[in-house]
Structures are given as C-alpha cells and as structure tokens.
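**Q** Quick one: the structure is below, and I'll ask about it shortly.
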Amino acid sequence: MRGPYRFGMYTGMKLRDYLAASGISISAFARMIGVSAAAVGRYVAGHRVPRPKHMRQIMDVTNGAVRPEDFLPNFGREPLQ
C-alpha cells in the first residue's frame with residue numbers, strides 16, 4: 001500500500017520529506033498555502049507548528065501525505081511509556 005498508511009498503521013511523512021520527494025521548493029509551497037517562505041522554513045525545521053487554517057491547506061496540497069501529527073515529535077513512531 002502506498003502513502004502514509006502501511007499495514008493499517010499511520011507512518012506519516014514530514015513536510016521536509018514531502019517537499020524533497022515532490023521537488024517543490026519552500027517558496028513555491030509557501031505560495032500554495034498562502035504563507036511566507038520563512039513560515040514554511042520554520043515548519044520544516046520544526047520550530048513552528050502550522051495554524052489550523054494552514055494545516056488544512058497543507059493536507060489539501062499534499063493530498064493527505066502530510067498531516068497534523070507529522071508536526072509532533074515521534075508521533076506514532078515510538079511506544080508511549
């Protein structure tokens with residue numbers, strides 16, 4: 001199965017990985033979602049989490065490949081203790 005779901009488990013995709021795989025620049029992606037390139041740079045670096053409005057746009061532009069939980073550290077990748 002392709003995409004962020006494998007074996008029924010969400011595996012996610014970081015925005016950095018999506019941009020690299022799709023060949024979209026930070027500035028082009030910023031124009032697509034209506035924010036500054038600096039804001040997208042901060043999303044990619046993990047210094048900022050997109051606001052809900054922009055998160056919906058990110059999900060739409062990436063066809064769901066990048067989701068809100070992808071901006072949380074280690075979400076779904078390590079068991080909770």
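The values are calculated or read from the model by the stated rules, or taken from the named source; none is laboratory data. Here the structure is a predicted model, which is why all the values come from computation and not from measurement. Cβ coordinates were reconstructed from backbone atoms using ideal geometry, including for glycine residues, and neighbour counts include every protein chain displayed.
**Q** Can you name the residue in the range 1-48 that is exposed (fewer than 13 other Cβ atoms within 10 Å of the Cβ) and among the aliphatic types (A, V, I, L, M) and, of all such residues, is modelled with the lowest pLDDT?
**A** The extreme case among them is Met1.
**Q** Within the range 51-63, count every residue that is over 13 Å from Phe29 (Cα atoms) and surrounded by 13 or more Cβ atoms within 10 Å (Cβ to Cβ).
**A** Residues in the range 51-63 being over 13 Å from Phe29 (Cα atoms) and surrounded by 13 or more Cβ atoms within 10 Å (Cβ to Cβ): 1 in total.
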